[in-house]
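Shown next, in structure tokens, is the structure this report addresses.
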Amino acid sequence: MSKFSRRLLVVAALGALALAGCSKGPTGASEGDMTLGDPKAKVQVVEYASASCAHCARFNNETFPEFKKKYIDSGKVHYTLKEFLTPPNEMAAAGFLLARCAGKDKYFTVLDAIFQNQMEMFNSGDIRGGLLRVAQGAGMTEQQFNACISDEAALKALNERVDTAIKKDKITGTPTFFFNGKKIAEGEVSMAQLDAAFAEASK
């Protein structure tokens, strides 16, 4: 896990920069992003999230299931998750690498398991052990897990995606939500806010 620390220092430093700009935000998936729902849906929702972000975990655990059922599963929304890194960066990076190693069809299931167990990992301090248990639950061996979180090419690609988020989309925190390119929230968001944002984007 220590390998992450050195390579993520650059990303962490970039994240601290105050970057000005008011251009339109992301309207959909870029190469490497993970998505759910109908790509042709009228409303395109982008969420920037971090696997180590407590607010992201709360949204995933308490609000996202209803949002997914109401809008994504019904074909009304195409949802894109864009990966971002927040402290502890090593956990966020390892979590995303793990979700990707599990396979595209298991990505969101594994990420959900990480969010569901996030607080336990924080409280115990055993982040590696917690992630390993998630990996094993997805059918990976410890050897596969170790190889996954040590994949330098995958980490480089993740860092590049985060770098783009900081420089192009001016992301400074998570979760951050965009509906058809318009930022509607940064931080805690309620189902009522999401309903209102969907109604506005549907016009």
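The values are calculated or read from the model by the stated rules, or taken from the named source; none is laboratory data. The structure displayed is predicted, hence computed values, not measured ones. We place every Cβ from the backbone using ideal geometry, glycine too, and count neighbours over all the protein chains shown.
Screening the candidates F145, F122, F177 for the property of being outside any loop (DSSP other than H, G, I, E, B) and in contact with an Asp or Glu (Cβ under 7 Å, 6 or more places away or on another chain) yields one hit, F177. Evaluating M140 against the criteria (1) in a loop (DSSP other than H, G, I, E, B); (2) in contact (Cβ under 8 Å) with a residue 60 or more places away in the chain; (3) over 30 Å from S202 (Cα atoms) leaves one unmet condition, (2).
For region 182-200, the set of residues classified as at pLDDT 95 or above, small (G, A, S) and surrounded by fewer than 19 Cβ atoms within 10 Å (Cβ to Cβ) consists of S190, A192, A196, A199, listed by residue number. Pairing residues of region 189-203 that are farther than 16 Å from F178 by Cβ with residues that are of a type in the set (D, E), at Cβ distances under 7 Å and at least 6 apart in sequence or on separate chains, gives M191/E66. Selection over region 52-66 of residues that are closer than 9 Å to P175 by Cβ and of a type in the set (A, V, I, L, M, F, W, C) gives a count of 3.
The C-beta contact set for region 106-128 (first residue in contact (Cβ under 8 Å) with a residue 24 or more places away in the chain, second residue of a type in the set (V, I, T), distance under 7 angstrom, 6+ apart or interchain) comprises V110/V134; A113/V134; I114/V134; M121/I127.
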